[in-house]
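The structure appears below as structure tokens.
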Protein chains: 2
Amino acid sequence: MAVLVVGSIALDTLTTPSGKAEETLGGSATYFALGARIFDAVRVVGVVGPDFPVTEKRFLEEKGIDLAGLTTGQGPTFRWEGVYGPDLGDARTIRTELGVFAGFSPRLPDSFRSTPCVFLANIDPELQLEVLEQVVEPRWVAVDTMNLWIDRRREKVLEVLGRVDIVFVNASEARQLSGEDNLFKAGSFIRSHGPRFVVIKRGASGVMVLGGPQPFLLPAVPLEEVVDPTGAGDSFAAGMLGYLSSTGRPLDFEMVKKGLACGSVTASFAVSGFGVSMLRDLTSESVESRMRFYLSTNQLGAERA
Amino acid sequence: MAVLVVGSIALDTLTTPSGKAEETLGGSATYFALGARIFDAVRVVGVVGPDFPVTEKRFLEEKGIDLAGLTTGQGPTFRWEGVYGPDLGDARTIRTELGVFAGFSPRLPDSFRSTPCVFLANIDPELQLEVLEQVVEPRWVAVDTMNLWIDRRREKVLEVLGRVDIVFVNASEARQLSGEDNLFKAGSFIRSHGPRFVVIKRGASGVMVLGGPQPFLLPAVPLEEVVDPTGAGDSFAAGMLGYLSSTGRPLDFEMVKKGLACGSVTASFAVSGFGVSMLRDLTSESVESRMRFYLSTNQLGAERA
């Protein structure tokens, strides 16, 4: 199968307690594509400016990522600058320059319209709805959202929820959207608006999914050092959805549970380096090896490889 | 086998967002004994005043808890009053009246001195060392500590660590003791002082243990409502150590991992009611049933009962 992602492609300037990276490859669609390609074919819809480095575009293509949906607009590539504090919690945004992303209106090439699996990364819910108008009978659709859209476009966010199968939120977004402090209640509220599965990301505390006969939770991969949390959510979605797409089967809870593990492992690579650096040369052998380690850290009876 | 606990027996006044309980049975040894009795025989060393309700003493005995080490001192029973905020995080202490606990010097009855498994609940590390002088070749010793003693008696806390097999800390205590922000590094620091296994409790984010070939982590039991977090740590230790004691075997990592699950389940009962209310009539059938549910919420391939 194949998975389609619609999201941002950016040049990020990142400062964390361990250092700084300037104008480095970033954006939700980029993190997603570089993570999901380990599991299945990936198709990208997005926009860059003429200033986007040709070497980076070539690099993505060489990794087998289908960029037929990547257009080059009039203006600079989307740029974001963020600074993380010592706890590596939410970044403080220093600068957002939308550039060509300000006028982004996603257009799917004909060859992309029947992609069976679709991920709507964190973009304006209006644009997410535009994508849903263009896809033809997808097997499933997953969506990411963020506090900005919950604040400004709550009704549109809820409309999107009514049309997707899987939603990703972090704990604070789940609470913000539902008004419930307890995450299980918050997740139930979100599910009541349509999506079959709600994935709640809790950072270093791991992840949970609601939508089966009981909640399912996994701790994060134990890491002695987190270098840069940028892209953790998108690389989590990448591993999970790449795996789900690769099965070629309709969604079921057992698959989703295993997908949670694939997402945790993929995110653990992303946060171990600056920007996308650890995803650039990631191989399925590395992912499999870390998966064996990971399961030995949270599954009773699992042996370390 | 049997497990010995040395700790406080108290009358607690608790206020949480869901209500208030006055002069209710509490104390670390009480929570521990009521949780661990589900798994194995429990022996208590502690002190109360003549004002301690006879009905509560009789209740503990009827539950099969051996109170041969419970003395009645001159003065009031230890009383503690705490208030929890809406997030049910650390309680704010309103009042601590040590009473007979101020002069507590643990004396083990001869019949208790060869108890194979020993839990030193959260008391002054000087007293913990006094207990270690009285036990005869225990199979293992576990210890709980708290920020108060890490602040005031750091050297004594480290001395205790050098003489025990398992230590329980919460995340903030692990960071305070080690000066390391990363919990895996904090745990390694603590292990370097002696204990074979370090259990780090993270509240609603679950628990981890260091001391095997890799870390092992479990999420908390999913609960739609936490009524009162008092005693969560002691009831966690109760489930884990009660199980380890019941095996009759020397410690190994596989047992410790399963012990983590037993601790999580026992703690989940404790926090579901005010004070010890949910532990009073707890049965092994309830624990086994919740264990099957719990494993289905975090073990891939586990089926719900």
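The values are calculated or read from the model by the stated rules, or taken from the named source; none is laboratory data. No experiment lies behind these values; they were computed from the predicted model shown. A quick note on method: Cβ atoms are made from the backbone with ideal geometry, for glycine too, and the neighbour counts reach across all protein chains shown.
Of the residues making up the range B:123-135, those that are in a loop (DSSP other than H, G, I, E, B) and more than 14 Å from B:Ala2 (Cα to Cα) are B:Ile123, B:Asp124.
Within the option set B:Thr30, B:Thr55, being under 18 Å from the mean Cα position of the chain (by Cα), of a type in the set (S, T, N, Q) and outside any strand (DSSP E or B) holds for one residue only, B:Thr30. What single numbered condition from (1) in contact with a helix residue (DSSP H, G or I) (Cβ under 9 Å, 6 or more places away or on another chain); (2) at pLDDT 95 or above; (3) surrounded by 17 or more Cβ atoms within 10 Å (Cβ to Cβ) fails to hold for A:Thr71? For A:Thr71, the failing item is (3).
Mind checking which pairs have a first residue in the range A:130-144 that is crowded, with 19+ Cβ neighbours inside 10 Å and a second that is among the acidic types (Asp, Glu), Cβ under 8 Å, 6 or more apart or different chains? Matching pairs, first to second residue: A:Trp140/A:Asp165; A:Val141/A:Asp165; A:Ala142/A:Asp165; A:Asp144/A:Asp234. Among the helices (runs of 4 or more DSSP H) confined to the range A:216-305, the ones with at least 1 residues that are within 22 Å of B:Pro219 (Cβ to Cβ) and of a type outside the set (Gly, Ala, Ser) are located at A:232-247, A:253-270, A:284-296. Checked against (1) within 11 Å of chain A (Cβ to nearest Cβ); (2) over 30 Å from A:Ala186 (Cβ atoms), B:Leu244 meets all criteria but (1). Here A:Gly82 clears all of (1) farther than 30 Å from B:Asn182 by Cβ; (2) assigned to a strand (DSSP E or B) except the condition numbered (1).
Could you tell me whether the range B:95-105 includes any residue that is exposed (fewer than 14 other Cβ atoms within 10 Å of the Cβ) and touching a residue at least 60 places away in the same chain (Cβ under 8 Å)?
Checked against the condition, which is being exposed (fewer than 14 other Cβ atoms within 10 Å of the Cβ) and touching a residue at least 60 places away in the same chain (Cβ under 8 Å), the range B:95-105 yields at least one hit.
Here B:Val167 passes the criteria (1) within 17 Å of B:Leu129 (Cβ to Cβ); (2) at pLDDT below 95 except the one numbered (2).
Taking the options B:Ala237, B:Ala220, B:Ala261, B:Ala267, name whichever one is under 23 Å from B:Ala33 (Cα atoms), within 11 Å of chain A (Cβ to nearest Cβ), out of contact with any His (no Cβ under 8 Å at 6 or more places or on another chain) and crowded, with 24+ Cβ neighbours inside 10 Å. Please lay out each step first, then the result.
On the way: B:Ala237 fails: within 11 Å of chain A (Cβ to nearest Cβ); B:Ala261 fails: crowded, with 24+ Cβ neighbours inside 10 Å; B:Ala267 fails: within 11 Å of chain A (Cβ to nearest Cβ).
Being under 23 Å from B:Ala33 (Cα atoms), within 11 Å of chain A (Cβ to nearest Cβ), out of contact with any His (no Cβ under 8 Å at 6 or more places or on another chain) and crowded, with 24+ Cβ neighbours inside 10 Å holds for just one of B:Ala237, B:Ala220, B:Ala261, B:Ala267, which is B:Ala220.
Return a yes/no flag: does the range A:185-198 have any residue that is modelled with pLDDT of 95 or more, within 16 Å of the chain's Cα centre (by Cα) and of a type in the set (S, T, N, Q). Checked the range A:185-198: no residue is modelled with pLDDT of 95 or more, within 16 Å of the chain's Cα centre (by Cα) and of a type in the set (S, T, N, Q).
Can you work out which of the residues in the range A:177-198 that are part of a loop (DSSP other than H, G, I, E, B) and within 13 Å of another protein chain (Cβ to nearest Cβ) is farthest from A:Arg154 (Cα to Cα)? So that I can check it myself, show each step before the final result.
First pass over the range A:177-198, keeping only residues part of a loop (DSSP other than H, G, I, E, B): A:179-182, A:192-196.
Within this subset, residues satisfying the condition of being within 13 Å of another protein chain (Cβ to nearest Cβ) are A:180-182.
Numbers: A:Glu180: 16, A:Asp181: 18, A:Asn182: 20 Å.
Among residues in the range A:177-198 that are part of a loop (DSSP other than H, G, I, E, B) and within 13 Å of another protein chain (Cβ to nearest Cβ), the one farthest from A:Arg154 (Cα to Cα) is A:Asn182.
Filter the range B:247-258 down to the residues that are in contact with a strand residue (DSSP E or B) (Cβ under 8 Å, 6 or more places away or on another chain) and not basic (Lys, Arg), then identify the one that is farthest from the other protein chains (Cβ to nearest Cβ). Across the range B:247-258, the extreme among qualifying residues is B:Pro250.
Give me a count of the residues in the range A:1-38 that are charged (D, E, K, R) and free of Cβ contacts under 8 Å to residues at least 60 places away in the same chain.
Step one: filter the range A:1-38 for residues charged (D, E, K, R), giving A:12, A:20, A:22-23, A:37.
Within this subset, residues satisfying the condition of being free of Cβ contacts under 8 Å to residues at least 60 places away in the same chain are A:20, A:22-23.
Selection size over the range A:1-38: 3.
State whether one or more residues within the range B:177-185 are in contact with a Lys or Arg (Cβ under 6 Å, 6 or more places away or on another chain) and crowded, with 20+ Cβ neighbours inside 10 Å. No, because not a single residue in the range B:177-185 is in contact with a Lys or Arg (Cβ under 6 Å, 6 or more places away or on another chain) and crowded, with 20+ Cβ neighbours inside 10 Å. Just need a number here: residues in the range B:199-208 that are surrounded by 24 or more Cβ atoms within 10 Å (Cβ to Cβ) and facing another protein chain (nearest Cβ under 10 Å). The total comes to 2.
Every residue, every condition in (1) in contact with a strand residue (DSSP E or B) (Cβ under 7 Å, 6 or more places away or on another chain); (2) under 11 Å from B:Gly239 (Cβ atoms); (3) at pLDDT 95 or above, yes or no:
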residue: B:Ser264; (1), (2), (3): yes, yes, yes
residue: B:Phe269; (1), (2), (3): no, yes, yes
residue: B:Val276; (1), (2), (3): yes, no, yes
residue: B:Leu279; (1), (2), (3): no, yes, yes
residue: B:Leu295; (1), (2), (3): no, no, yes
residue: B:Ala302; (1), (2), (3): no, no, no
residue: B:Ala305; (1), (2), (3): no, no, no
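Check the range A:274-287 and report whether any residue there is touching a residue at least 40 places away in the same chain (Cβ under 8 Å), closer than 30 Å to B:Arg292 by Cβ and touching a helix residue (DSSP H, G or I) at 6+ places or on another chain (Cβ under 8 Å). No, the range A:274-287 contains no residue that is touching a residue at least 40 places away in the same chain (Cβ under 8 Å), closer than 30 Å to B:Arg292 by Cβ and touching a helix residue (DSSP H, G or I) at 6+ places or on another chain (Cβ under 8 Å). Is it the case that some residue within the range B:38-55 is crowded, with 18+ Cβ neighbours inside 10 Å, aromatic (Phe, Trp, Tyr) and farther than 21 Å from B:Ala270 by Cα? Yes, because at least one residue in the range B:38-55 is crowded, with 18+ Cβ neighbours inside 10 Å, aromatic (Phe, Trp, Tyr) and farther than 21 Å from B:Ala270 by Cα. Figure legend. Inter-residue proximity from the range B:79-93: first residues within 14 Å of chain A (Cβ to nearest Cβ), second residues outside any loop (DSSP other than H, G, I, E, B), beta-carbon distance below 7 Å, spacing 6+ or different chains. Indicated pairs: B:Tyr84/B:Thr15; B:Tyr84/B:Thr16; B:Leu88/B:Thr16.
Could you go through the range A:257-271 and let me know if any residue there is at positive phi and touching a residue at least 60 places away in the same chain (Cβ under 8 Å). Looking through the range A:257-271, none of the residues is at positive phi and touching a residue at least 60 places away in the same chain (Cβ under 8 Å).
Would it be correct to say that B:Ser296 is in contact (Cβ under 8 Å) with a residue 12 or more places away in the chain and either on the phi < 0 side of the Ramachandran plot or away from chain A (no Cβ under 14 Å) (or both)? If you could, list the steps in order and put the result at the bottom.
Values: in contact (Cβ under 8 Å) with a residue 12 or more places away in the chain: no; either on the phi < 0 side of the Ramachandran plot or away from chain A (no Cβ under 14 Å) (or both): yes.
Judged against the criteria, B:Ser296 is not a match.
Can you find a residue that is β-branched (Val, Ile, Thr) and within 27 Å of B:Gly211 (Cα to Cα) anywhere in the range A:277-286?
The answer is no, given that none of the residues of the range A:277-286 is β-branched (Val, Ile, Thr) and within 27 Å of B:Gly211 (Cα to Cα).
Among all residues of the range A:276-290, there is none that is under 30 Å from A:Thr15 (Cβ atoms), touching a Leu at 6+ places or on another chain (Cβ under 9 Å) and within 14 Å of another protein chain (Cβ to nearest Cβ).
Does at least one position in the range B:241-257 carry a residue that is within 24 Å of B:Ala10 (Cα to Cα) and crowded, with 19+ Cβ neighbours inside 10 Å? Within the range B:241-257, one or more residues are within 24 Å of B:Ala10 (Cα to Cα) and crowded, with 19+ Cβ neighbours inside 10 Å.
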